[in-house]
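Novice: Please see the structure below; I have some questions.
Please treat every number below as a calculation from the coordinates, not as lab data. What you are looking at is a predicted structure, and each value in this text was computed from that prediction instead of being measured. We place every Cβ from the backbone using ideal geometry, glycine too, and count neighbours over all the protein chains shown.
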Amino acid sequence: MIALKMGGSIITYKSRRFSINTEAIEHMAAELSQFNRPLFLVHGGGSWGHPLAIKFKLSSSSCKMEPTGVGRTRAAMLALSSRVQSALVDAGLEPFYISAQHLLQSEKLIRTLAAAGAIPLSFGDVVHEDRGFRVMGGDEIIKKVNDMIHFERVIFAMDTPGVLDSYGRTIKTLTRRELRLFEGKANDATGGLAAKLRFSFELAENGADVFLLKGDEGDELLKALNGQSFHGTTVKVLRDHRRKEG
Ligand SMILES: Nc1ncnc2c1ncn2[C@@H]1O[C@H](COP(=O)(O)OP(=O)(O)O)[C@@H](O)[C@H]1O
Ligand SMILES: [Mg+2]
C-alpha cells in the first residue's frame, strides 16, 4: 500500500486563517483519480487546526487533562476535512474517514477498504490518551499506521518542491547528516518540517521509500505515486539502517 500526506501547507494557506487552497486540492484529487492502487490518505490541519490548537495549548508534544478547546479544534478539522473529502468525491474517489483516535485499532479495516477500492482517510486531530488530550499530527499518523501496514512508499505533498537548501534549491537526496540543518523552533502544534523529517527517516529506516514534493506541480505527484522519477526530495538511509519487513 502507498501512503500520501496532503500537508496543511498545500491544502490551506497557512498564513491566512480558515483559508482553503481549492485549486491545489482539486489538482491532487485529479492526480489521485488516475492512480488505481491501494492508497492510505492523510491530510494536515494548516490554518484550520494549528491556530486553534495553539490557542488552547494543545500540541503533539504534551498532554493536557482538561478538554477546553478540544471540541472547537476538532470541529474545525472536521470542517476542513469535509472540504477535502468533497473534492475527492467530485473527482470520482471514495474516501472513507477513520478518526485518528480509532486508527490504531483499524488495521483490518484499512486493508479491507483499500482492497475494495475505497481510500481510507484520516487527518491530524486531537486524541485522548492515558495522560489526557494531545494533537496527533498527520505526519505522526502516517508513522503509526506504517508500523502496522508497512507502506511501500510514503509521499509528503507540501507547498515547496521538497526540502530546500539555504539557497532555496531542492535537495534531491536527503541524508541524516543534513537533518540538523532543519532543526529549530516550529510555529505550529506538531513540530513543522523538523518533525516531518524525523518521521520521514524513521519511515525510510523501516523500509518505505519516502518522497517529499510540491503537491500541485504538474504531474509530479502522480509520477511519485507510481515510483517514477519526480521533482522533489528522496529520503536516503544507509542500507544497514534499513529494516525491510518480510
Ligand atoms: N528548508 C525548507 N524546505 C522546505 N520547506 C521548508 C523549509 N523551511 C521551512 N519550510 C516550510 O515547511 C513547511 C513544511 O512543513 P509543515 O509546515 O509541517 O508542512 P505541512 O503543512 O505539510 O505539514 C513548508 O510549508 C515550508 O514552507
Ligand atoms: Mg506539519
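Novice: Can you give me the distance in nm between label points at Asp90 and Asp147, each placed 7 Å from the Cα along the Cα-to-Cβ direction?
Specialist: With each label placed 7 Å out from Cα toward Cβ, I get 3.7 nm.
Novice: For Tyr167 and Tyr97, FRET efficiency with R0 = 45 Å and r from the beta-carbon atoms, rounded to 0.05?
Specialist: 0.65
Novice: Taking θ = phi - 60°, what integer Hz values does the Karplus form 6.51 cos²θ - 1.76 cosθ + 1.60 yield along the stretch 118-126, in sequence order, with x for Gly and Pro?
Specialist: 8, 10, x, 9, 9, 8, x, 7, 8
Novice: Evaluate 2.2 N^0.38 Å with N set to the residue count of the chain, then give the Cα radius of gyration divided by it.
Specialist: Here the answer is 0.94, to two decimals.
Novice: Run the simple label-point estimate for Ala118 and His231 please: 7 Å along Cα→C-beta, distance reported in nm.
Specialist: Between Ala118 and His231, the simple spin-label model gives 3.7 nm.
Novice: Which links in Lys14/Lys144; Lys144/Lys223; Lys14/Lys214; Lys108/Lys236 stretch past 22 Å when you go from one Cα to the other?
Specialist: The pairs that break the limit, which is 22 Å between Cα atoms, are Lys14/Lys144; Lys144/Lys223; Lys108/Lys236.
Novice: Could you grab the Rg to Rh ratio for the stretch 1-134? Cα atoms only, Kirkwood for Rh.
Specialist: 0.98
Novice: What's the exposure ranking of Leu181, Leu212, going from fewest to most Cβ atoms within 10 Å?
Specialist: Leu181, Leu212
Novice: Here's a follow-up. Test of understanding: what is the full-extension gain from Asn187 to Ile54, defined as 0.36 nm times their sequence separation minus their Cα-Cα distance?
Specialist: 47.0 nm
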